[in-house]
Amino acid sequence: MVKGYIHSVETMGAVDGPGLRYVVFFQGCPFRCLFCHNPDTWKMLPDHQKSVDEVVQDILKYRDFFSFSGGGVTLSGGEPLMQPAFTAELVKVLKEQNIHVAIDTCGYVDKTPDIERIVQQADLFLLDIKHLNPVQHRKITGKNNDKTLAFLRFLNETHKDVWIRLVLLPTYSMDDAYINELIHFLKPFSCVKTVELLPYHEAGKAKWEKLGLTYPLSVTPPETDDVIAIANRFKAAGFRVLAPEKKS
Ligand code: SF4
């Protein structure tokens, strides 16, 4: 029986999809994002393996809570699609239990039979687009964006619900021209139900240092007013937007 490399779980997550979510954080990620706040998930460690049954049995303990809120289970990471056989089996069992399943992914995958099964069965994809420009994308993640954009096209062809997650990183992904480009690019994708704006923050810095890694960014987090202005531009273009609100 295939086992999964699981980093940790959060039983009452409120920021990874609709309602309250049981969030499973997978180990392993193909990217090395400059702003990653979970660098401790990058590697797969053999002493963190769990079976589908072990994961599901724990999820079921919290089912009443997340179901009542209109929530479900989110598979996150790290990158859950880096373990496609395990993830496909987990999604299948969760759907047999009639649980809403969201996949939080960077989309850096090939269209294998396991990935196709996951796409068919999961309810929602939270797809991170780190940058549309391939050079900028490589600077931010260390990898090309071609697979991510191909995965978005695949999700659109299969009529899945997609929330696009955008990290707003000053000097990389917040200027007017780039926001225009993003809106223009995303507009034709009927699968995109929501755009979620995630302002860059430095919360991951301590984890990098704890792991003996040098935090690579020295960027000031964006002003809330700038984030609100970007949110308004997406709203004006017809998108549902999730973004932090100004504190009064
Ligand atoms: S895709 Fe997510 S987990 Fe992977 S390096 Fe980037 S931010 Fe970190």
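I'd like to check which strands (runs of 3 or more DSSP E) are fully inside segment 1-78 and have at least 3 residues that are touching a Ser or Thr at 6+ places or on another chain (Cβ under 6 Å).
Working: elements: 3-13, 21-26, 49-51, 72-76.
Result: 21-26.
Mind listing whichever residues of segment 1-21 are charged (D, E, K, R), in contact (Cβ under 8 Å) with a residue 24 or more places away in the chain and more than 13 Å from the ligand (Cβ to nearest atom)?
Result: Lys3, Arg21.
Mind checking which residues of segment 199-231 are surrounded by fewer than 11 Cβ atoms within 10 Å (Cβ to Cβ) and either among the charged types (D, E, K, R) or under 25 Å from Asn180 (Cα atoms) (or both)?
If the condition is that a residue be surrounded by fewer than 11 Cβ atoms within 10 Å (Cβ to Cβ) and either among the charged types (D, E, K, R) or under 25 Å from Asn180 (Cα atoms) (or both), then Lys210, Thr220, Asp225 are the ones that fit.
Give me a count of the residues in segment 126-148 that are hydrophobic (A, V, I, L, M, F, W, C) and under 14 Å from the mean Cα position of the chain (by Cα).
3
Which of the residues spanning segment 217-243 are out of contact with any Lys or Arg (no Cβ under 9 Å at 6 or more places or on another chain), in a loop (DSSP other than H, G, I, E, B) and closer than 19 Å to Thr171 by Cβ?
Passing the criteria: Ser218, Val219, Thr220, Pro221, Pro222, Glu223.
How many of the residues in segment 138-186 are surrounded by 18 or more Cβ atoms within 10 Å (Cβ to Cβ) and within 16 Å of the ligand (Cβ to nearest atom)?
Here the count works out to 16.
Would you mind finding the one in Val55, Val24 that is in contact with a helix residue (DSSP H, G or I) (Cβ under 7 Å, 6 or more places away or on another chain), farther than 29 Å from Pro134 by Cβ and away from the ligand (no atom under 16 Å from the Cβ)?
Among Val55, Val24, only Val55 is in contact with a helix residue (DSSP H, G or I) (Cβ under 7 Å, 6 or more places away or on another chain), farther than 29 Å from Pro134 by Cβ and away from the ligand (no atom under 16 Å from the Cβ).
State yes or no: is Leu81 within 16 Å of the ligand (Cβ to nearest atom) and not in a strand (DSSP E or B)?
When the stated conditions are applied, Leu81 passes them.
Please go through segment 102-144 and give me each residue that is in contact (Cβ under 8 Å) with a residue 60 or more places away in the chain and outside any loop (DSSP other than H, G, I, E, B), ordered by number.
Applying the first criterion (in contact (Cβ under 8 Å) with a residue 60 or more places away in the chain) to segment 102-144 yields 102, 104, 106, 108, 124, 126, 130, 139-143.
Selection gives Ala102, Asp104, Leu124, Leu126, Lys139, Ile140, Thr141.
Just one of the numbered conditions (1) closer than 13 Å to Ala122 by Cβ; (2) in contact (Cβ under 8 Å) with a residue 60 or more places away in the chain; (3) hydrophobic (A, V, I, L, M, F, W, C); (4) within 16 Å of the ligand (Cβ to nearest atom) is not true of Cys29; which one?
That leaves (1) as the condition not met.
Condition check ((1) among the β-branched types (Val, Ile, Thr); (2) within 28 Å of Ile140 (Cβ to Cβ); (3) within 16 Å of the ligand (Cβ to nearest atom)) across all residues:
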site: Phe86; (1), (2), (3): no, yes, no
site: Gln97; (1), (2), (3): no, no, no
site: Ala102; (1), (2), (3): no, yes, yes
site: Lys111; (1), (2), (3): no, yes, no
site: Val119; (1), (2), (3): yes, yes, no
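FYI, it's all coordinate maths here, none of it is from the lab. Keep in mind that this is a model prediction, so the values were computed, not measured. Methodologically, a virtual Cβ is constructed for each residue, glycine included, from the backbone with ideal geometry; neighbour enumeration extends over all protein chains shown.
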